[in-house]
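Colleague: Pasting a structure below so you can have a look.
Throughout, read-outs are computed from the coordinates displayed, never taken from laboratory work. The structure presented is a predicted model; accordingly, all values stated were derived computationally and were not measured. Please note: Cβ atoms are built from the backbone with ideal geometry, for glycine as well, and neighbour counts cover all protein chains shown.
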């Protein structure tokens, strides 16, 4: 074998080795990338399961607090909440010890644990204060203390909305798999009425919150026509229209602007405006009240978007102006829209 042939074969062998090494590295990188994607998707699924369980605890707790009208004794309510506190503690331990957060989401996971700790501690505070809030002589003081502790749940909702979900959204967007997963939603405090002592006292006795339009429909109305109508609705500066799908860019101050028209012959007070974004268990529900609207007047209420809706897909939106006492015609109180949220 001459020297030229030997050099040629060596060159071919070296080139072959380099090609093999490159292909191996590409294959290895692809496997690692697929493994990383799978880890991120599994983590999001686990967080969704925890968020759903926390939501179930919220529903059980607030239903239990407002159950005296259904034959549930005070002792039963206290025992039920003690069991719920234990469940909330187990959920914290599950998030802390049983879920392996990917490196890119460890900061988000720390905030998730903090969210769950606030909820666990809040339930514990409610358990401690509830006997006072239910007692005859100290009921008002207990309702005040109970309303104060609801800040635990409000804080947990803010942490999840401002730290947990945006971090997850950012990482998944960078990995270009944001459209392959459904990010979790989590809101523990169902209504801000629970932050108001007088409303808490009423709810503990089995009453309904002051803004409930179904209850208000039974109130005695003054003579003359009563009614409000829904006017134009915009979100983040984009006007919504029935049958259309607006493109809305999400920001820290994204809010709805809802026009309400008093079409009756009377001034109206405490008019609730309820907005539902999405559907099913993942729907976001927000509500604001118009304290007073004079006959013939049009008022615009600003309703901040409290949680982050899913992006890159058409999301249904419903806006509903609650009926006032004496209002017979409500077909112009409610409208459905859709929007595609972007960042």
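Colleague: Taking the number of other C-beta atoms within 10 Å as the exposure measure, put 200, 92 in order starting with the fewest.
Modeller: Numbers: 200 27, 92 21.
Least crowded to most crowded, the residues run 92, 200.
Colleague: Within 10 Å of each residue's Cβ, count the other Cβ atoms and sort 62, 153 from fewest upward.
Modeller: Working: 62 18, 153 25.
Listed from fewest to most nearby Cβ atoms, that is 62, 153.
Colleague: At 0.36 nm per residue, minus the direct Cα-Cα distance, what do residue 73 and residue 331 gain on full extension? Give it in nm, one decimal, please.
Modeller: Working: separation 258, 0.36 × 258 = 92.88 nm, distance 4.05 nm.
Extending this stretch completely gives an extra 88.8 nm.
Colleague: Let me ask something else. Round to the nearest 0.05 the FRET efficiency obtained for residue 106 and residue 205 when R0 = 41 Å and r is the Cβ-Cβ distance.
Modeller: Numbers: r = 45 Å, r/R0 = 1.10.
FRET efficiency, residue 106 to residue 205: 0.35.
Colleague: First obtain the Kirkwood hydrodynamic radius of the stretch 219-342 from its Cα pairs, then insert it into the Stokes-Einstein equation at 10 °C and 1.306 mPa s, and state the resulting D in µm² per second as a whole number.
Modeller: Working: Rh = 15.0 Å.
Once the numbers are plugged in, D ends up at 106 µm²/s.
Colleague: Ok, one more. Order these by the 10 Å Cβ neighbour count, fewest first: 311, 115. Show your work: numbers first, answer last.
Modeller: On the way: 311 18, 115 26.
Going from sparsest to densest Cβ surroundings: 311, 115.
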